[in-house]
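Written below as structure tokens is the structure these notes are about.
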Amino acid sequence: MSHLLDLPHHDGSEVYVRRATPRLGEVVPVRVRVPATGTERAVWVRTVRDGEPRLVEAQVERSDEHERWYVADVPVHNPVTSYRVLLDQPGGYRWLNGRGVHERDVPDAADFRLTVHDQAPTWMDTSVVYQVFPDRFARGGSPDAPLPDWALPARWDDEPIGGGPGTSAQLYGGDLPGIEARLEHLQRLGVDTLYLTPVFPGRSNHRYDASTFDHVDPLLGGDAALASLSRAVHARGMRILGDLTTNHTGAGHEWFTRAQGDRSSEEAEFYYWSDTDPGYVSWLEHASLPKLNYNAPALAARMVQGPDSVIGRWLAEPYALDGWRIDVANMTGRYADDDLTHLVARTIRATMRDINPDAVLVAEHFHDAGLDLAAGGWHANMNYSAFTRPVWTWLVDPAGELGFLGMPVPIPRRDGASMVATMRDFDATVPWSITTHQWNMLGSHDTARLRTVVGSRERVELAAGLLFTYPGTPAMFAGDEGGLTGTNGEHARVPMPWGDIDAGGGRRWDARTFEVYRSLIAVRRRSRALREGGMRWAVVRPDAVAYLRETLDERVLVVVARAPWEGVDLPRHLLASHASPENLYGGGDLDVRPDALRVAGDGPGVQVWRLS
């Protein structure tokens, strides 16, 4: 078989499921596509109701010479209803789930899922997120606050310290007025959502060690600067998100200082105490980051519950944040036999819903977030597992020796089958309504830079091609669009080289890479299928992958190749009758033959074609 389109298929998109978030007690028709060459005697949909599997036979809804469509009613009896497809055929039955078709029994972990929990706000369907590390983006003027004693002043063109003394103390002086003055850059690129790493004061340049949640760091311009930036962002039709450490505070936080000084205080219940040095529990044993204890009712009221909480007050005017990214969300509320993560997440969601129903809640979770994402808390996750990691392994510079996202091993070089299998494994653990809003990234402030990982502009384009055409929300780290480099998270926090940017390119700014990003973002904005469509893998080869993104009114073919490959024939009926394929990006060749669409084996390169 030259392609994968001769396999039965289902996903959670509108082509197969018309009701993204049903209500409890509703019945949802789900559709299954089976090629006309299939030998099935019957198709059944297996649901799990109150923990027990049940089967309902699917009926043929329509058919033609190319495929048959089956439909079955799935009752939404539980808040998360899992289901899979049973194909009864000669020689033995097969299962179809989120990981594909299997000629063996499989566990429930990759079943399709319907959920009654509200999905992310609709504006996330079209969003492209731009992450800014405030100290390194732009200077807007001299801050009113004096330089703190912990700071190591740096010139704007100094190389960031990648490890050891001074890593978190190196201060470049970027601020919120600087970001506001450069919003035109974001709009020229085509992004519409600004995500800021923490803006609260701390004793580091990253500010994940907050000393208070009541005010914006004066070094960044203070409260008034955030209010002004928010107004400017919204005036441009964009949105702005904050970053909060619900798992911990800084050791210099006013709550922790009070708690250490008076163990009978209310704040003393906010932390976990220990008989071993340093006397309290901290994030990954970093004494500067004492861990919060959500068994304390007063902590929830101050941090996550209600309009006066930290979560609530910054969503309100004059700051009007459009949502939060939650740092180490997977660890929040978890310690030893305490597991309050889902309760905390749902509390945050309820607080946000009451203040701004259109606010978004995104988790940071570097690993398998499946169990946390179906619980009605986080809208989506920073998608390292299902996107960043597999893409890196496919496109990594063969000569590189970078570490693999915190592991004591270099990034492995793997083929297309490995990349796709990893993507499908992790995507299948969450409902489609979450998959379609996951923050897909090629890097962040916690990772090496993409250009350093892949080693060339050419491979940056391949990675960007995947980023802007894969299901989910593209999220990019400021500077990747110009090819900035860095070997790890700290070293990658490179100041934006505005002199080169304003000049249209230079030694530190690759104008051609900027045009690649800008063009691909524009392609995504012109295609509803790329933003909201389902996902069918068409070709998976060691050096090339191709997939279809489909809505009810559009079909788009994406081909990404890291090297020349043998090419493939796809079914001719994918192209609308009497139509010609429209090249949206990359040129290349799609030969329309009477019985096939011939995809040439060109590479490396990205091709995007609208077929209908």
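The values are calculated or read from the model by the stated rules, or taken from the named source; none is laboratory data. All values derive from a computational prediction rather than experimental measurement. Cβ coordinates were reconstructed from backbone atoms using ideal geometry, including for glycine residues, and neighbour counts include every protein chain displayed.
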What single numbered condition from (1) farther than 25 Å from LEU226 by Cβ; (2) under 29 Å from the mean Cα position of the chain (by Cα); (3) of a type in the set (Phe, Trp, Tyr) fails to hold for TYR319? (1)
Selection count where residues are hydrophobic (A, V, I, L, M, F, W, C) and under 25 Å from ARG541 (Cα atoms), scope segment 3-21: 3
Can we say ALA138 is within 26 Å of PRO497 (Cβ to Cβ) and touching a helix residue (DSSP H, G or I) at 6+ places or on another chain (Cβ under 8 Å)? yes
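Filter segment 313-343 down to the residues that are part of a loop (DSSP other than H, G, I, E, B) and under 15 Å from MET303 (Cβ atoms) and list them by number. Talk me through it step by step, then tell me what you get.
In the first step, residues of segment 313-343 are kept if they are part of a loop (DSSP other than H, G, I, E, B); the result is 314-322, 327-333, 336-337, 340.
Residues satisfying the conditions are TRP314, LEU315, ASP327, VAL328, ALA329, MET331, THR332, GLY333, LEU340.
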Could you go through segment 153-170 and let me know if any residue there is of a type outside the set (Val, Ile, Thr), modelled with pLDDT of 95 or more and crowded, with 23+ Cβ neighbours inside 10 Å. no
Residues within segment 289-301 that are surrounded by fewer than 19 Cβ atoms within 10 Å (Cβ to Cβ) and within 24 Å of TYR195 (Cβ to Cβ), tallied: 0
Single residue of segment 74-102 satisfying the filter (of a type in the set (Phe, Trp, Tyr) and touching an Asp or Glu at 6+ places or on another chain (Cβ under 8 Å)) that is surrounded by the most Cβ atoms within 10 Å (Cβ to Cβ): TYR83
Quick one: would you say PRO198 is in the same structural domain as MET476 (by TED's automatic domain parsing) and in a helix (DSSP H, G or I)? no
From ASP543, ASP569, residue being farther than 30 Å from VAL30 by Cα, surrounded by fewer than 18 Cβ atoms within 10 Å (Cβ to Cβ), touching a residue at least 40 places away in the same chain (Cβ under 8 Å) and of a type in the set (Asp, Glu): ASP543
Flagged in segment 447-479 as buried (at least 23 other Cβ atoms within 10 Å of the Cβ) and more than 30 Å from THR551 (Cα to Cα), in numbering order, are THR447, ALA448, ARG449, LEU450, ARG451, VAL453, VAL454, ALA478, GLY479
If you go through segment 67-83 one residue at a time, how many are within 17 Å of TYR16 (Cα to Cα) and either of a type in the set (Ser, Thr, Tyr) or not in a strand (DSSP E or B) (or both)? 5
For segment 271-297, name all the residues that are assigned to a helix (DSSP H, G or I) and closer than 16 Å to MET331 by Cβ. TRP283, LEU284, GLU285
Considering only residues that are aromatic (Phe, Trp, Tyr) and within 27 Å of the chain's Cα centre (by Cα), which ones fall in segment 266-297? TRP283, TYR294
In segment 44-57, how many are more than 34 Å from the chain's Cα centre (by Cα) and surrounded by 13 or more Cβ atoms within 10 Å (Cβ to Cβ)? 1
Taking segment 555-612 and keeping residues under 25 Å from the mean Cα position of the chain (by Cα), among the hydrophobic types (A, V, I, L, M, F, W, C) and closer than 20 Å to ARG526 by Cα leaves VAL556, LEU557, VAL558, VAL559, VAL560, LEU584, VAL606, VAL608, TRP609
Can you pull out every residue in segment 480-504 that is of a type in the set (Val, Ile, Thr) and assigned to a loop (DSSP other than H, G, I, E, B)? THR485, THR487, VAL494
Of the residues TRP378, TRP314, TRP283, TRP324, only one is under 19 Å from HIS248 (Cα atoms), crowded, with 16+ Cβ neighbours inside 10 Å and not assigned by TED's automatic domain parsing to the domain that holds ARG231; which? TRP283
